Amino acid sequence: INSSKTMSEVFKKWIPYKRSITNSENTIQRHINHWKKYFEGTEIVKKSMTNIDVILLESWANSLIKDHNLTRKEWQNLKTIINGIWTYAFRTGVVKINPWESVKITVRFRQVNKKTPEEEVFIGDELDKIIVKCNEYYELTKNEVYLAIIFNFYCGLRVGELTGLKFKDVNFDNNHISVEREIVQNITPNSDGSKNYEWAIEEHTKTYNHRFVPLIPKAKDILLKIINERGKIID
């Protein structure tokens, strides 16, 4: 890398580096998608980084938030990319100082209005109707997915954690579930620009924190029903 590099050029160097220190390819793909949506082709990313000072960066960053009406969370995703590019450029000698470290965000982010409980969760007879329907469909099809839906109303696991659950994770005596893995969809790019999608078991949760979830009687009954229907326990 030399001192005439642009943000666009450094981004192309940063992505392979980021991939080498990141477990999730999905995170890398998200960075690439955000780059294409917000940065690619804009004037500042084509400008030599040695000619970009803190005032220009600050004006650009604040305008980016205003022009796209970004929420704080959306901005944090973009900020990760910008910070990554400038830190990488500084550490590899493209720039002698990192002006991004001094940038201040002063514009307001788009307010996110929280949903009411009625909008956010199933309540009252809505939940009862879903459970009844799931039981009906299970009896018709014997597809355990319908029981899994009911089971998760009682346990509140992430979808990946639910699908990664094994019977050995269930402690029937102490009535709890050990949540220690998840199933994720990995996205890998092909040389022709297409993508491969495949499911894989990760021996950790999203937060890398193993935890216990109480197994209430109704959830326990569903597991026992599955065991009885199968005739044996299958992990």
Q.
Test of the criteria: in the range 152-235, which GluC sites (Glu not before Pro) are in a DSSP loop and have at most 12 other Cβ atoms within 10 angstrom of their Cβ?
A. GLU203
Q) At a Förster distance of 41 Å, what's the computed FRET efficiency of LYS47 paired with GLU198, Cβ-Cβ distance as r, to 0.05? A) 0.55
Q: Divide by every residue of the chain the summed helix terms, -39500 (n - 2.57) for each DSSP H run of at least 4, and state the resulting mean residue ellipticity at 222 nm, rounded to the nearest 500 deg cm²/dmol.
A: -14500 deg cm²/dmol
**Q.** Spin-label pair GLU126/THR141, simplified geometry with 7 Å Cα→Cβ offset, distance in nm
**A.** 2.2 nm
Q) Among the listed pairs LYS5/LYS104; LYS73/LYS220; LYS142/LYS206; LYS73/LYS142; LYS129/LYS220, which are separated by more than 32 Å between their Cα atoms? A) LYS73/LYS220; LYS73/LYS142
Q | With Cα atoms, 0 to 90° folded angle of helix 54-68 axis to the chain main axis | A | 40 degrees
Q: Skip the ligands, DNA and RNA, and give the accessible area per residue of the range 79-235 with a 1.4 Å probe, whole Å².
A: 68 Å²
Q) Measuring from label point to label point, each 7 Å out along Cα→Cβ, what is the VAL54 to LYS13 span in nm? A) 2.4 nm
Q: Measure off 7 Å from each Cα along the Cα-to-Cβ vector at SER102 and ARG230, then give the distance between these two points in nanometres to one decimal.
A: 6.2 nm
Q) Pulled fully out, how much extra length does the chain show between LYS36 and PHE109, if you take 0.36 nm times their separation in residues and subtract their Cα-Cα distance? A) 24.1 nm
Q: Would you tell me the accessible area of SER20, worked out with a 1.4 angstrom probe on the heavy atoms of the protein chains, in Å² to the nearest 10?
A: 90 Å²
Q: Please work out the FRET efficiency for the pair THR188 and LYS218, using the Cβ-Cβ distance as r and a Förster radius of 41 Å; give the result to the nearest 0.05.
A: 0.55
Q) Roughly how tilted is helix 125-141, in degrees to the nearest 10 and between 0 and 90, from the longest Cα axis of the chain? A) 70 degrees
(Q) Give me the extension gain from LYS166 to ILE149: residue separation times 0.36 nm, minus the current Cα-Cα distance, reported in nm with one decimal. (A) 4.5 nm
Q: Return the loop-located trypsin sites (Lys or Arg not before Pro) in the range 136-198 (DSSP other than H, G, I, E, B) with at most 16 other Cβ atoms within 10 Å of their own Cβ; answer none if there are none.
A: LYS142, ARG158, LYS166
Q. Here are several values of percent of Cα pairs over 33 Å apart: (1) 9; (2) 43; (3) 18. Which one was derived from the coordinates shown?
A. (2)
Q | Contact order relative to length of the chain, as percent, for alpha carbon pairs under 8 angstrom and 6 or more apart | A | 16 percent
Q) Name the residues of the range 176-193 whose amide N is less than 19 Å from a point 7 angstrom out from the Cα of GLU25 along the C-beta direction? A) 182-193
(Q) What does the net charge come to around THR106 if you take all other residues with beta carbon closer than 11 Å to its beta carbon, with K and R at +1 and D and E at -1? (A) +2
Q. With axes computed from alpha carbons, what is the tilt in degrees of helix 7-20 against the longest principal axis of the chain, rounded to the nearest 10 within 0 to 90?
A. 40 degrees
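The values are calculated or read from the model by the stated rules, or taken from the named source; none is laboratory data. Everything quoted here is computed from the prediction, not taken from an experiment. We place every Cβ from the backbone using ideal geometry, glycine too, and count neighbours over all the protein chains shown. Ligands, DNA and RNA are excluded from the accessible area calculation, which covers all protein heavy atoms including side chains. Shrake-Rupley method; radii C 1.70, N 1.55, O 1.52, S 1.80 Å.
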